[in-house]
Structures are given as structure tokens and as C-alpha cells.
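A quick write-up on the structure given underneath.
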Amino acid sequence: MTEHDIEIPLEDFFDALRAANSQRNATEFDPQARLGLDFMVNELGGEVGELQNVLKKLHREARDIPGSRARPGDLEGELADVVIVADLVALKARLPTLDFRVTVTPHDTLTMGIMLNSACGHVSKIALNIWEADAHEHLWMWLCTITEIVYAIARHFGLLSIENLVVRKFNATSRKLNFKTFMELTSTGDRH
């Protein structure tokens, strides 16, 4: 953590993320609401794939197997992207803010990548059948599971503050795209 990092209750963090995602999505990213749930689920799949690629390289590095390498720090942006997009999927499906409903025990890097891929597959399958009974509840549960796997990966690699990584990534994206919506957390969980 840096001197600018803060710790806040997870509920406040997820509320702040939803508020920032809602604002940026409605006013800057997709103000005409042209992007549907199908796009957001595909975006989530892409972000999960990028995270899995880093996990694969870390696995290779740890076992001294030839090929491209990664450092645990390379996970930071990818972990943040998955959390941000998981909330965007929940937002698009009009689901509550993310929360932890399961506890994931950290495993080796490949197992966590497979768990993440499996959970993302469930999200995709449910999104294709969103009109079915209980689909919204199941979709929300799997999005929460993806988020918990991200936190388990961060714990496994000693990355202690996903919340601050998400804020940094969210704000870097806003700067890159010249958006005016930024995410800021305070120790009381207030949003600015």
C-alpha cells in the first residue's frame, strides 16, 4: 500500500464502485445505452482471459519453464479490470452491487485461473438465458464469486488492496479516455 491508499469497508467500496460505474457509463462511456448485457459479458470474458494469461506466466515463472514471464505486480491492472467489469455486468443486468457470498481459498495459480474461467462461463450461460426463472439471482451470485476469486488471487500474491487498485485503474481509464468521472475513496467510505 502507498501513503495514498486507504482501507474502507467492502460494502462502501462496492457502493462507490457502482456509483462511479453508473455515472461514467450513463454520461460518458455509453450515454445512448447502445451496449447490452451481451457486450458486457463478452468484455468480462476478455478481462478474465487477460488475467488468466498473467496467471499462466506466473505459473511458468515459478516452475522455471521456458516462455514469457510475469511478475505478481503484473496482476494489479488485470485484477482491477475484472472487478470493474463484473460490476458493469451487474449494473447492466440491474443487479445489486457486488458482495461476497462465498469464500474462496487461495490455490495454486492455475487452479485459480480455472476457477475464474469456470465462473465466467456460468455468467455467460446465464446471460444467454436471462429471462429464465432465478437467472438474475444466479447471475449475481456468479459475479460475486468472480470477485471473491479475484480477492483470493490478490491474497495469494500478497496484493493487499484490491480497492485501491480498482480506484487507480478506474481513474487511469478515465484520464486515458478524457472522461470527467473519477473514483475517490475516503476513510469513511464517502464518494466524491
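Quick note: the coordinates plus some simple rules give every number you see, no bench work behind them. As the structure is a computational prediction, the values presented were derived from the model and not from experiment. No Cβ is skipped: glycine too gets one built from the backbone with ideal geometry, and neighbour counts run over all protein chains shown.
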Sequence order, region 171-176: Karplus ³J(HN,Hα) from phi using 6.51 cos²θ - 1.76 cosθ + 1.60, θ = phi - 60°, Hz rounded, Gly and Pro as x, gives 5, 5, 5, 4, 5, 4
Suppose R0 equals 30 Å. What FRET efficiency, 1/(1 + (r/R0)^6) with r the Cβ-Cβ distance, do residue 30 and residue 122 give to the nearest 0.05? 0.75
Contact order relative to length of region 10-176, as percent, for alpha carbon pairs under 8 angstrom and 6 or more apart: 28 percent
Helix-only [θ]222 nm of the chain, DSSP H runs n ≥ 4, -39500 (n - 2.57) each, per residue, nearest 500: -20500 deg cm²/dmol
With the charge dipole of region 1-71 built from beta-carbon charges (+1 for Lys and Arg, -1 for Asp and Glu) about the Cα centre, the Cα from 67, 52, 33 projecting farthest to the positive end belongs to 67
Give the value in nm², to one decimal: projected area of the alpha carbon convex hull of the chain, averaged over all directions. 11.1 nm²
Only sites in a loop by DSSP and with at most 11 other Cβ atoms within 10 Å count here; which chymotrypsin sites (Phe, Trp or Tyr not before Pro) in region 97-149 make the cut? 131
Based on Cβ point charges of +1 for Lys and Arg and -1 for Asp and Glu, what charge dipole magnitude is obtained for the chain about its Cα centre, in debye rounded to the nearest 20? 560 debye
Taking the simple approach of a point 7 Å from Cα along Cα-to-Cβ for both residue 114 and residue 38, what is their distance in nm? 3.2 nm
Given unit charges at Cβ for Lys, Arg (+) and Asp, Glu (-), the dipole magnitude of region 43-98 about its Cα centre in debye, nearest 20, is 180 debye
Tell me the label-point distance for the pair residue 135, residue 99, using the 7 Å Cα-to-Cβ offset, in nm and rounded to one decimal. 2.3 nm
Taking amide H positions as placed in the peptide plane 1.01 Å from N, state which residues far from residue 107 in sequence (5 or more) or on other chains have amide H under 5 Å from it. 112
For region 99-162, would you read off the P(r) tail past 19 Å as a percentage of all alpha carbon pairs? 34 percent
Can you spot the lysines whose alpha carbon is less than 22 Å from residue 125's alpha carbon? Ignore those fewer than 8 places along the same chain. 92
At R0 = 45 Å, how high is the FRET efficiency between residue 184 and residue 65 if r is their beta carbon distance? Nearest 0.05 is fine. 0.60
